[in-house]
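Undergrad: Below is a structure I'd like to ask you about.
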Amino acid sequence: MHWPNPQPPQPALTAPGPGPDAGLDAGPAVPDAARVDPAVLGALLRRHGWQRRGGPAGRYGRWTPPGRTGTSLLVPETRAFPDCADLLEEALAALAHCGLPSAREVLFGLSVPSDEVHYLREAPEGRPYGPRGDAAWSVQEQLRSAARQLLLAAALAERARVGYHGARHRGHAERALDGVLVGPAPGRGRLTAYVPVDGGRGTVARLHHALHAAREAVDYRRATGGMEAFDAAVEAGVSRELAEALIALVHGSEGARVALAWAPAAGTPAGCAARPEPVDFSPGDLPVLREAAARYTRGEPAVPVTVTGTVVRMRRSATGSGGTVRLRVLSGADVPSVRAALDEDAYRTAGHAHLTGLPVRLTGRLQRRGGFRRLTDASAVTPVALDEVERDRLMKTLHEAFDSSDSSEILPSDD
């Protein structure tokens, strides 16, 4: 497999916009020179391909960008000398005006201390139709989607180490990615996610361990035929969600690579390599990853729970019989909602609670089928009394969370 020489992506973006090139003209803000650590600036310049060409050791260095001559920066190495503040201001101003992608990435790394997750995807040479390689909009969106799935799987693993998460902890994991920015390099099968150290370092550290564990488990399966390495890999953060994210990243390509780089200002997280080795996956790994995803789904057991929630949907086939209810979960399970089949008495109790604005409490087993959104063997359905203040707060919360597009939803089958 041929990998092109690493080049930094285009300026950072927030969530995907109307097209793969959306927001490429918006560069990062120039940081305040008084807040910039010269050692961090030097580390970022080196990471993004700049080379130190000379200068007195311990005082300042002259840096030139990759593939360019005639352009250079004079960067102090410490703040111990009187002219270091002026040199930093001049260097930052030069980076802001030189227009090179690598300069923009350095500025971004200074403005928002972030760990970097680099995705490289090798597109097949030539296509029988349509644009070639990553020039196609759909290909760029596929890369973005797979990149987000990988980070989401790592955020889920930070909350719990299980083989299949389903809907559990998903809301928390998605909110953990709110601060992540991405910067694409159109046409080159590249994407970089910038995960802020504040609030996101645990996710990237978990991704580091999970990727290497997944690579070792795949190698073990291909060498020995055994799948037991995937069982041990759960503790490192490997799950059905991570396997499916890797499948999405590799599918339709000649291979994919994920590389991590820690924010210089924050150092290396405990238990991780200072310079993590990139992890490669190829189309030959896809059958093993699919087998692992299915194994994790089958192997995750049902969870006994006692759930408190508000009834938001009721359905039954005939009067005087039991039926199915949907609850918006308030406590007891790490999912936003569950469905439960109730007998006639329990269904009637749930209906009365719904009419009087009371939540209900019930016990059962949270099944993996349907993503842990189904409660089986439901019993002990009991209304939960609330005082007026709690009831008003509950109704306000439900009103704010209500999505009008959900009003026509019918409880689907698990089949």
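Undergrad: Any chance you could run the full-extension gain for Ser331 through Thr71? It's 0.36 nm times the residue separation minus the Cα-Cα distance, nm to one decimal. List each step's numbers first, then the result.
TA: Numbers: separation 260, 0.36 × 260 = 93.60 nm, distance 5.97 nm.
Stretched out fully, the Ser331 to Thr71 stretch lengthens by 87.6 nm.
Undergrad: Which net charge results when you count Lys and Arg as +1 and Asp and Glu as -1 among the other residues whose beta-carbon is under 10 Å from that of Glu116?
TA: On the way: positive: Arg47; negative: Glu105, Asp115.
With Lys, Arg at +1 and Asp, Glu at -1, the neighbours total -1.
Undergrad: If you project the alpha carbons of the range 33-111 onto the principal axes, what extent comes out on each, in Å, largest first?
TA: 31, 26, 19
Undergrad: Oh, and also: Just to compare against my own numbers: the Cα pair-distance distribution for the range 114-299, 5 Å bins, whole % per bin, please.
TA: Whole-percent P(r) values from 0 Å outward: 1, 8, 17, 21, 20, 16, 10, 5, 1, 0.
Undergrad: Return the distance in nm (one decimal) between the two label points of a simple spin-label model at Trp137 and Ala266, each offset 7 Å from Cα along Cα→Cβ.
TA: If labels sit at Trp137 and Ala266, their model points lie 3.4 nm apart.
Undergrad: Right, another one. Under the 0.36 nm per residue contour assumption, what length would be gained going from the current alpha-carbon distance of Ser321 and Arg35 to full extension?
TA: Details: separation 286, 0.36 × 286 = 102.96 nm, distance 6.86 nm.
Extra length available between Ser321 and Arg35 comes to 96.1 nm.
Undergrad: Tell me the label-point distance for the pair Ala385, Arg275, using the 7 Å Cα-to-Cβ offset, in nm and rounded to one decimal.
TA: 6.8 nm
Undergrad: Additional query: For a Förster distance of 30 Å, can you work out the FRET efficiency between the beta-carbons of Arg46 and Asp83, rounded to the nearest 0.05? Please report the intermediate quantities before stating the final value.
TA: Details: r = 22 Å, r/R0 = 0.74.
E between Arg46 and Asp83, to the nearest 0.05, is 0.85.
Undergrad: Now for a separate question. P(r) tail for the range 303-399, what percent of Cα pairs lie past 24 Å?
TA: Values: 762 of 4656 pairs.
The share of Cα pairs beyond 24 Å in the range 303-399 comes to 16 percent.
A short reminder: the numbers here are calculations on the coordinates, not readings from a lab. For clarity, every value in this text was computed on a predicted model and none was experimentally measured. Here the Cβ is made from the backbone with ideal geometry for all residues, glycine too, and neighbour counts use every protein chain on show.
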